[in-house]
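Worksheet: one structure, shown below.
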Amino acid sequence: MNYAIILTQINGLALTTGYQILEVIKKAITWTETIEPFHVMKYPVTQQLYHFVMYEEEVEPNVNNLPITEVSWMDSLVFCNELSRMLGRTECYIFTNESENTIYNKTANGFRLLSDAEWQYACKAGTTGYRYARIDQIAWYQENSNGSVHQVGQLLPNPWGL
């Protein structure tokens, strides 16, 4: 079976990010983080891709393009390493007996999870404001999902096509 993994090149920058601690000290804390250029998958990992990579099996056709859900952080790292191996890339994660001691190999060319800053940057896609469109145009949530998971790629992508 053939699978297409669509990657989008994201250029780097110095991003100012942060959060507000309203109830404790009522102060905004910000910092600048440099983001190197990186690639990100156009769509979330689907059940089809996850099951093929992790178990070398296919899933029922009606769930092929649904996003994978209920996967732990460690399972996500294992998936990244497995996908990297399948495509002849260097694994990004080295595991120890305890998950908090997992080592990230920054020089590896394999698949990895985005950092928080990379995730924010890729999601906002150079836009200003909290969102690039109305929430019901860009995300499935309680009020518009009818309590179920929906196929990936069905809502409005951001300006970078993600």
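So that you can scan it fast, the table gives a plain yes or no per residue for (1) under 21 Å from P159 (Cα atoms); (2) assigned to a loop (DSSP other than H, G, I, E, B); (3) in contact with a helix residue (DSSP H, G or I) (Cβ under 6 Å, 6 or more places away or on another chain); (4) in contact (Cβ under 8 Å) with a residue 60 or more places away in the chain:
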position: N65; (1), (2), (3), (4): no, yes, no, yes
position: C80; (1), (2), (3), (4): no, no, no, no
position: F111; (1), (2), (3), (4): no, yes, yes, no
position: Q120; (1), (2), (3), (4): yes, no, no, yes
position: Y130; (1), (2), (3), (4): yes, yes, no, no
position: A133; (1), (2), (3), (4): yes, yes, no, no
query: Across region 105-125, what is the number of residues that are open to solvent by less than 50 Å² (accessible area, probe 1.4 Å) and either under 25 Å from M86 (Cα atoms) or over 10 Å from the mean Cα position of the chain (by Cα) (or both)?
result: 10
- prompt: For region 83-100, which residues satisfy the criterion of being out of contact with any Gly (no Cβ under 7 Å at 6 or more places or on another chain), surrounded by 18 or more Cβ atoms within 10 Å (Cβ to Cβ) and under 26 Å from G161 (Cα atoms)?
  reply: L83
message: Given the condition of a type in the set (D, E, K, R), over 21 Å from W119 (Cβ atoms), open to solvent by 30 Å² or more (accessible area, probe 1.4 Å) and touching a residue at least 12 places away in the same chain (Cβ under 8 Å), answer yes or no: does some residue in region 43-56 qualify?
response: no
message: One residue is enough: does region 21-39 have a residue meeting the conditions modelled with pLDDT of 90 or more, open to solvent by 40 Å² or more (accessible area, probe 1.4 Å) and under 24 Å from H150 (Cα atoms)?
response: no
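Restricting attention to region 60-76, does a residue exist that is modelled with pLDDT under 75 and open to solvent by less than 70 Å² (accessible area, probe 1.4 Å)?
To start, the set of residues in region 60-76 that are modelled with pLDDT under 75 comprises none.
There is no residue in region 60-76 that is modelled with pLDDT under 75 and open to solvent by less than 70 Å² (accessible area, probe 1.4 Å).
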statement: F52 vs (1) outside any helix (DSSP H, G or I); (2) of a type outside the set (V, I, T); (3) at pLDDT below 95: all pass except (1)
message: Could you check region 84-102 and list, in sequence order, the residues that are more than 14 Å from W73 (Cβ to Cβ) and assigned to a helix (DSSP H, G or I)?
response: S84, R85, M86
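The values are calculated or read from the model by the stated rules, or taken from the named source; none is laboratory data. Every value quoted in this text rests on a predicted model; they were computed, and no experiment measured them. Positions of Cβ are generated from backbone atoms using ideal geometry, with glycine treated the same way; all protein chains shown enter the neighbour counts. Heavy atoms of the whole protein, side chains included, go into the accessibility calculation; ligands, DNA and RNA do not. Shrake-Rupley method; radii C 1.70, N 1.55, O 1.52, S 1.80 Å.
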